[in-house]
Amino acid sequence: MTTTTTRPAEPTAAEGDGAPERASVGKLRGSLGVASIVFIVVAAASPLGVIGGPVPLGIAFGNGAGFPTTYLVVTGVLLLFAVGFTAATPYVRSAGAFYAYVDKGIGRGAGLGTAFSALLSYLVLEAGVFGLFGPGLDSLLQSYGLPAVPWWAYAAVGFVIVSVLAYFNIELSGRVLAVLLIGEVLIVLALDAAVIFSGGGPEGFSNGLVNPAEIVSGAPGFAILFAILSFIGFEATAVFRDEAKDPDRTIPRATYIALISIGVFYAISSWALISGVGQSAVVEEAANNPGGILADTTEQYLGVVGGHIIQVLFVTSLFACILSFHNISTRYFYSLARKGVLAQKLGIAHERHGSPSRASLVTAAIVGALTVAAVLLQLDPITQFYTWLGGISSVGFVLLLVLTTASVIGIFRREQHDVSLWRRLVAPLLALVALLGFLTIILINLPVLVGEESYGPFSFGVLALLALAFIAGPIVGRVRKRVELD
């Protein structure tokens with residue numbers, strides 16, 4: 001077959017990216033470089049929050065000292081995903097991230113279903129993290145002598161600050177996230193260095209990273225569940241296409257840098273934490289004290305000051321995570337409005353700031369409503385509010401990866417581009433097989449993730465909500481189209 005090279009062009013009504021964007025509506029403005037986008041998406045992954053949250057859980061209920069290797073495995077699979085994802089980036093000209101790829105590779109109906117599923121996943125995760133942020137800030141301030149305050153009061157303060165920052169140009173959020181991210185990464189690296197230069201913990205360095213017996217011990221499937229949850233947010237590089245300096249170069253570079261940085265950071269830092277505690281004792285310690293193992297270990301190696309610093313940065317890490325997901329959700333609303341799926345007013349950029357200000361207000365309203373509902377229902381902010389919404393997001397995230405990978409294969413089957421066989425088929429196909437395995441693992445372990453012993457109302461509720469979101473996408477798109485035609 002003769003392969004012809006095509007140059008990426010702006011989408012037209014006939015192309016698979018869906019309906020053309022409304023020319024009458026002002027576009028977003030920004031000049032985000034690779035570093036800025038990396039800061040935003042890595043902040044969404046919340047590195048310090050992961051080391052203090054999923055890592056202890058992965059050690060305790062997964063494969064113990066072998067957990068760091070799980071991060072390397074997941075990183076490898078996601079890099080395979082990134083090969084196809086970035087190869088298709090020049091040919092998907094819309095800033096819709098996952099749904100733009102599915103729209104072009106599979107079809108408009110599946111694309112809209114993916115968009116609504118992604119929106120649901122990001123919105124509920126943003127709201128759920130407030131369930132960690134409020135109690136975390138309360139606990140921090142109590143340690144300095146302040147009285148206990150209901151978690152929702154501090155969540156409300158964080159909500160207001162996030163809403164204000166997200167209203168302005170994305171570069172403001174990027175600067176804030178850069179500062180917070182640098183702080184949380186530096187404290188973890190300081191702990192890593194202290195453990196390494198002290199020759200390890202009471203038992204020296206852990207060999208779990210390279211010991212096959214440790215890697216496959218316990219419940220490796222559950223370890224994969226917690227590992228892949230740690231990467232949610234990395235894929236959002238493509239959401240900021242309209243605000244990137246040179247999207248065809250910036251987005252692929254930012255995707256690879258974010259993925260590799262996150263994966264290596266998680267693997268090394270979890271290994272250092274295991275070494276610092278002691279390989280034989282770490283599983284019991286993580287099971288008995290999952291929320292405090294990081295702070296206790298930091299205080300042991302960096303002193304009381306280090307312990308206080310990591311407590312502060314843990315809270316700011318959660319704030320950075322919330323701000324990142326707010327920006328991502330907002331751009332999904334904006335992009336859908338630009339394509340005529342949602343109200344056109346949401347696709348109007350702020351005249352002065354060049355930001356999706358109206359879409360940001362809608363995002364804030366939904367997240368605020370979810371948080372208020374949790375307060376009125378008297379849900380526990382961590383074990384119920386965060387856990388249940390986190391279950392929706394985890395299933396949705398992997399499902400979106402699966403659909404996007406299949407779409408990349410579809411894009412290159414439909415159109416002939418000068419892209420190597422490895423990038424257009426082999427790597428995406430390998431990623432698709434692995435991601436389907438990950439999705440199976442998450443579905444098997446979903447009841448545990450949402451606090452049930454077996455499939456019950458919450459587990460089935462998670463799947464039902466995602467199914468409804470996916471079905472609602474094409475229905476809303478068809479209704480909107482019919483209204484416009486009328």
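The values are calculated or read from the model by the stated rules, or taken from the named source; none is laboratory data. Fair warning: this is a prediction, and the values are worked out from it, not measured in the lab. Note: ideal-geometry Cβ built from the backbone for every residue, glycine included; neighbour counts use all protein chains shown. Protein only, heavy atoms only, side chains kept; ligands, DNA and RNA dropped before computing areas. Shrake-Rupley method; radii C 1.70, N 1.55, O 1.52, S 1.80 Å.
Details
- Spin-label model, Val304/Asn207: points 7 Å from Cα along the beta carbon direction are separated by 3.9 nm.
- Spin-label model, Phe460 to Ala287: label points 7 Å out along the Cα-to-beta-carbon direction sit 3.2 nm apart.
- A straight line joining the Cα centroids of the stretch 267-332 and the stretch 405-423 runs 40 Å.
- Helix 108-142 and the longest principal axis of the Cα set of the chain meet at an angle near 30°.
- Nearest-20 debye value, the stretch 107-220 charge dipole, Cβ charges on Lys, Arg, Asp, Glu: 380
- A 1.4 Å probe, protein heavy atoms only, puts the accessible area of Thr316 near 30 Å².
- In plain terms, the chain from Ile475 to Arg413 could stretch by 19.6 nm, reckoned as 0.36 nm per residue minus the Cα-Cα distance.
- Relative contact order of the chain, pairs being alpha-carbon contacts under 8 Å that are 6 or more residues apart, as %: 33
- Per-atom-type breakdown for the chain gives carbon and sulfur 67% of the accessible area (1.4 Å probe, protein chains only).
- Helix-only arithmetic for the chain: the sum of -39500 (n - 2.57) across DSSP H runs with n ≥ 4, divided by the residue total, places the mean residue ellipticity at 222 nm at -23500 deg cm²/dmol.
- Helix 427-449 axis, angle to the chain major axis (alpha carbon atoms, nearest 10°): 60
- Ordered by 1.4 Å accessible area with all protein chains kept, Phe460, Phe333 run largest first as Phe460, Phe333.
- Phi to ³J(HN,Hα) by Karplus 6.51 cos²θ - 1.76 cosθ + 1.60 over the stretch 302-316, Hz, x for Gly, Pro: 10, x, 4, 4, x, x, 5, 4, 5, 5, 5, 5, 5, 5, 5
- Whole-Hz ³J(HN,Hα) from phi, Karplus 6.51 cos²θ - 1.76 cosθ + 1.60, for the stretch 52-68, glycine and proline x: x, x, x, 4, x, 5, x, 5, 6, 10, x, 10, x, 5, x, 4, x
- Per-residue ³J(HN,Hα) for the stretch 274-284, Karplus 6.51 cos²θ - 1.76 cosθ + 1.60, θ = phi - 60°, Hz, x for Gly and Pro: 4, 4, x, 7, x, 4, 6, 9, 5, 5, 5
- Solvent exposure, largest accessible area first (probe 1.4 Å, DNA, RNA and ligands not counted), of Arg331, Arg424: Arg424, Arg331
- Rg/Rh for the stretch 281-363, where both radii come from Cα atoms and Rh is the Kirkwood radius: 1.31
- For Leu313, solvent-accessible area (1.4 Å; no DNA, RNA or ligand), Å²: 30
- Charge-dipole axis of the stretch 85-225 as Lys and Arg at +1 and Asp and Glu at -1 on Cβ define it, positive-most pick from Tyr99, Val216, Val188: Tyr99
- P(r) weight above 16 Å for the stretch 189-290, C-alpha pairs, percent: 67
- Computed with a 1.4 Å probe on the full set of protein chains, the accessible area for Asp138 sits at about 20 Å².
- Principal axis extents of the Cα atoms in the chain, from largest to smallest and rounded to whole angstrom, are 69, 55, 44.
- Rolling a 1.4 angstrom probe over the protein heavy atoms with all chains in place gives the stretch 52-195 an accessible area of 28 Å² per residue.
- Cβ-placed point charges (K, R +1; D, E -1), dipole of the chain about Cα centre in debye, nearest 20: 2000
- Accessible-area order (highest first, 1.4 angstrom probe) of the listed residues Val476, Val73: Val73, Val476
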